[in-house]
Amino acid sequence: MGALNYTGKVLKNLFSKPVTTKYPFEPKTFMERTRGHVVNDMDVCILCGLCQMKCPTGAITVDKPGQTWAIRPFSCIQCRACVDNCPKKSLSMDPKYQEPGVEKIEKKFDLTDAQKERLAEQARIAAEKAAAAKAAMEAKKAAEAKAAAGAKPDDAK
Ligand code: SF4
Ligand code: SF4
């Protein structure tokens, strides 16, 4: 009985695909939900800083004036908090594992030129709207003050 089982296994193994792969010649395939490492699409990021606030290990640094986004990969615990809280969905988990290293490096990324232009344009429009709203408010206050000054002589009668 044991010999029959053994023969069956030998035959099955002879005709089935090997369970091992020829790594590194064959690229490794990762499971769908593997939390490899965080990547940021710098053409979409608006440097709002929410990912930095939500990161429990302080692995992310957002430098708005310098227009850079940085991550310390060896401080990251792949919790996905940054990915799930990014309002622009520019963050994602790449299923490939982080490459090993001997130093605790920081990886810094610049916004793309196109994204810099888009953000500058948005800031210009927002500044124009704010200036227009301020001017309208001042004009309204001046008109109210003028009306109040004009009404005073009548009040005195
Ligand atoms: S939360 Fe998203 S959009 Fe905001 S700084 Fe982080 S990566 Fe950029
Ligand atoms: S996955 Fe978690 S630990 Fe890693 S950078 Fe994002 S929030 Fe921080």
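Values in this text are rule-based calculations from the coordinates and carry no lab data. This is a predicted model, so every value here is computed, not measured.
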Inset, instruction - May I ask for the angle, rounded to the nearest 10°, between helix 113-156 and the longest principal axis of the chain, with both axes built from Cα atoms and the value confined to 0 to 90°? - result: 30
Inset, instruction - Write down the Kirkwood hydrodynamic radius of the chain, to one decimal in angstroms, obtained as one divided by the mean of 1/r over all alpha carbon pairs. - result: 21.6
Legend entry - Table column - 3J(HN,Hα) (Hz), the stretch 34-48, Karplus curve with 6.51, -1.76, 1.60, x for Gly and Pro: 4, 9, x, 8, 7, 10, 10, 7, 6, 8, 10, 4, 10, 6, 6
Inset, instruction - On a 0 to 90° scale, report how tilted helix 2-15 is relative to the longest principal axis of the chain, with both axes built from alpha carbons and the result rounded to the nearest 10. - result: 50
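A 23 angstrom limit on the alpha carbon distance is what I want to check against. Which of K28/K88; K28/K104; K22/K96; K88/K116 exceed it?
Cα-Cα > 23 Å for K28/K88; K28/K104; rest within.
So what's the stretch 24-111 giving for Rg/Rh, alpha carbon basis, Kirkwood Rh from the mean inverse pair distance?
Radius of gyration relative to Kirkwood radius: 0.98.
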Inset, instruction - Enumerate the calculated ³J(HN,Hα) couplings along the stretch 49-64 in order (Karplus 6.51 cos²θ - 1.76 cosθ + 1.60, θ = phi - 60°), each rounded to whole Hz, writing x wherever the residue is Gly or Pro. - result: x, 5, 5, 5, 5, 7, 5, x, 10, x, 7, 10, 10, 10, 10, 5
Legend entry - GNM flexibility winner over the chain from A70, A114, A143 (Cα, springs under 10 Å): A143
Legend entry - Relative contact order [Cα under 8 Å, 6+ residues apart], the chain, whole percent: 24
Inset, instruction - Just report the Cα centroid separation between the stretch 19-44 and the stretch 75-117, whole Å. - result: 15
